[in-house]
Amino acid sequence: MLDNIEADFPEHTPRPSHAPRALEGIRVVDFSHFIAGPFATMILADMGAEVIKIEPPGRGDDLRRYPPVHAELGHGAPFAWTNRNKRSVALDLKASEGVAIARELIATADVVVENFSTGVMERFGLDYESCRKIRPEIVYCSVSAYGREGSFKDRLGFDPIAQVESGFVSMNGYADREGVRALSPVMDISTAMMACNAILGALVARERSGLGQSIEVSLFDNAVLMTGYATMQHLFSGTDPQRHGNTSPDTCPSGVFQAEDCSFYINCGNDKIFQRLMSQVVDRPDLAEAEIYATGTDRIRRREELFAILGEAFARRPWSHWQARMRAAGVPCGQVRTVGEAIRSSEARERGLVTRIPHETVGWVPNINLPIRYSRMPIVDPVAAPAVGQHTDSVLRQLLGYDDERLARLAQSGAFGESVPSRRGTRA
């Protein structure tokens, strides 16, 4: 399954050994699972925080089983994508001994992140009020579906549900059929980014005041934000946005066109771009100056005829011809690509977006880098996602000072489930 990684993608280039880390010294105890919580904590880990992922013994995070699953890794691609640079500790939180260990870890932490259903952390005695008694300055982030308070706090939520209930799906697709969801978990990813931002803000505030606080980020709240300015447009006009497929309701000509050999997208976001497109790219200065196309509103009104003129012109030459001319003219454009084409593109290669990183079991695994570039504190070198409980032994020894006898006693009590903590993999 991973045979082409070494051939297709370069080895990760290590960061300078002397470079500091942006979140050096910050410890996160992460009880989250699936995507929104774990992606947030992975960003923190990439910035240099120590992230300890608490997982149920044996099965671990349910995202581990999302396909395609690599038998030797013991998890699938989605889990690898959202859990690098973490250490996994397997604890049975249904056992009092497991909860006691979790509380000890929290006592050493700066941040706690959780995204259980409302009420679960309270039942474990690991809610914010309980944790602040353990660690008064703790920053405690809850990621929920519809918030931790109110009449909808018990509702479960996943990315597609947030997409449909926020109105996001109603905006996407074509007017003659049902709206479509984004296949990418855009609500989970953006919620993770929002949670990470909130945590960073709380850490800055704590640095100034010495006080921790609780944070709540709701998937639904974030999904409404992700409808973009369409929400404000509705409030101004009273009308709901309509589905326009690949064309833009706000600018023209913006949409997909067909060159001689492939499809591409252009975005004429203002009058000057339109004028450059017509005069410098398709050699129609007469249309650039035509009064009937003078403004965006004029062009939207005549979208069909304008698209027909451009479509006829673009079909005569290959993409390479049009791309060069549009780039020279300053017209935003891009080839319509598959995911595979995108990650192997010249742009992605030059930015080093996809690399291969070492893995102690299978040799190499792929890695997709964050789009964050620090000049002084570069993102940490990526370490592949851990096996379930891979670091239970090392974390409890290093952070809590447990010895062989205590670990054996806790294993017998069921704190680690049916298996004893692994002594392999002490890497961070």
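Annotations for the structure displayed:
- With all protein chains in place and ligands, DNA and RNA left out, the 1.4 Å accessible area ranks ARG64, ARG406, ARG208, ARG243 as ARG208, ARG406, ARG243, ARG64, largest first.
- By a 1.4 Å probe calculation restricted to protein chains, LYS153 has an accessible surface near 90 Å², given to the nearest 10.
- In the chain, the DSSP-assigned H stretches of four residues or longer account for a calculated mean residue ellipticity at 222 nm of -10000 deg cm²/dmol, using -39500 (n - 2.57) per stretch and the full residue count as denominator.
- Shape of the stretch 135-241 from the C-alpha gyration tensor: prolate (a/c of 1.5 or more and a/b above b/c, with a ≥ b ≥ c the square roots of its eigenvalues).
- Cα gyration tensor category, rounded, prolate or oblate, for the stretch 58-190 with a/c compared to 1.5: oblate
- Portion, in percent, of the accessible area of the chain that falls on carbon or sulfur, probe 1.4 Å: 53 percent
- Highest mean packing comes first when the peptides 361-372, 387-398 are listed by Cβ atoms within 10 Å, giving 387-398, 361-372.
- Averaged per residue, the chain has 51 square angstrom of accessible surface, using a 1.4 angstrom probe with ligands and nucleic acids left out.
- Beta bridge orientation in the chain: antiparallel %, DSSP, nearest 5: 40 percent
- Normalised by the number of residues in the chain, the average gap of Cα pairs under 8 Å and 6 or more apart makes the relative contact order 22 percent.
- Across the stretch 1-120, the mean sequence separation of Cα contacts (distance under 8 Å, 6 or more residues apart), normalised by length, yields a relative contact order of 30 percent.
The values are calculated or read from the model by the stated rules, or taken from the named source; none is laboratory data. For clarity, every value in this text was computed on a predicted model and none was experimentally measured. Note that each Cβ is placed from the backbone with ideal geometry, even for glycine, and that neighbours are counted across all protein chains shown. Ligands, DNA and RNA are stripped out before the accessible areas are found, and what is left, the full protein with its side chains, is counted by its heavy atoms. Shrake-Rupley method; radii C 1.70, N 1.55, O 1.52, S 1.80 Å.
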